[in-house]
Amino acid sequence: MADDLTPAHETRAATGQPTASDFVYAVYIRADIDTVWNGLIDGELTRRYWGHENRSTWEKGAPWEHVRTDADGTVDVRGRVIEIDPPNRMVWSWAFGTDADNPEKLSRVTFELVALGPDTKLTVRHAELEPGSPMDQGVREGWPAVLSNLKSILETGEVLREDQWPDPGQ
């Protein structure tokens, strides 16, 4: 609920700034809902398919960080857990690490999981993006790759081969 958020949890829409159209992506995964949920929050697993470790206590209001797996350990993206209802729904604020304290730069990512018998439908909605920003452009290219990699690792135990992927500018 937006009304119980403190200003530190507000995202771009609360500032009155224009927002880009939402990015929405759905993927069907041959894994049960608990396994898919765990794939989003388990740091060791996210390291394997995302190249970043997602770190948080995964409680409402808790900070979360998207930390590089290299020796630097740079926090590329961070935000807060806005809403959490395991294993069905989770909402995070999302911004580059240097922008995460600026509500005008905070977007919102919603993960919705639906059990389909032994399988799961995962829908990701990335909303409240700054139109034309590097973040806006990056999520539109990045989410399909990340979610495809998540699907592959959960179904086969292996990530996709990235050596033939196009450069981000292609």
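The values are calculated or read from the model by the stated rules, or taken from the named source; none is laboratory data. All values derive from a computational prediction rather than experimental measurement. So basically every Cβ, Gly included, is an ideal-geometry build from the backbone, and we count neighbours across all protein chains shown. The accessibility values were calculated without ligands, DNA or RNA, using every heavy atom of the protein model including side chains. Shrake-Rupley method; radii C 1.70, N 1.55, O 1.52, S 1.80 Å.
The table that follows gives values for the structure above.
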{"quantity": "Pair list, Cβ under 7 Å, 6 or more apart: the stretch 142-155 residue surrounded by fewer than 16 Cβ atoms within 10 Å (Cβ to Cβ), other residue not basic (Lys, Arg)", "calculated": "Pro144/Tyr25; Ser148/Leu160; Glu155/Ile29; Glu155/Ala31"}
{"quantity": "Strands (runs of 3 or more DSSP E) wholly inside the stretch 1-111 containing at least 2 residues that are under 16 Å from Trp143 (Cα atoms), open to solvent by less than 70 Å² (accessible area, probe 1.4 Å) and not small (Gly, Ala, Ser)", "calculated": "23-29, 52-56, 75-85, 89-96"}
{"quantity": "Among residues of the stretch 115-132, those that are small (Gly, Ala, Ser), surrounded by 15 or more Cβ atoms within 10 Å (Cβ to Cβ) and not in a strand (DSSP E or B), counted", "calculated": "0"}
{"quantity": "Those residues of the stretch 57-79 which are at pLDDT below 95 and in contact with a Pro (Cβ under 7 Å, 6 or more places away or on another chain), in sequence order", "calculated": "none"}
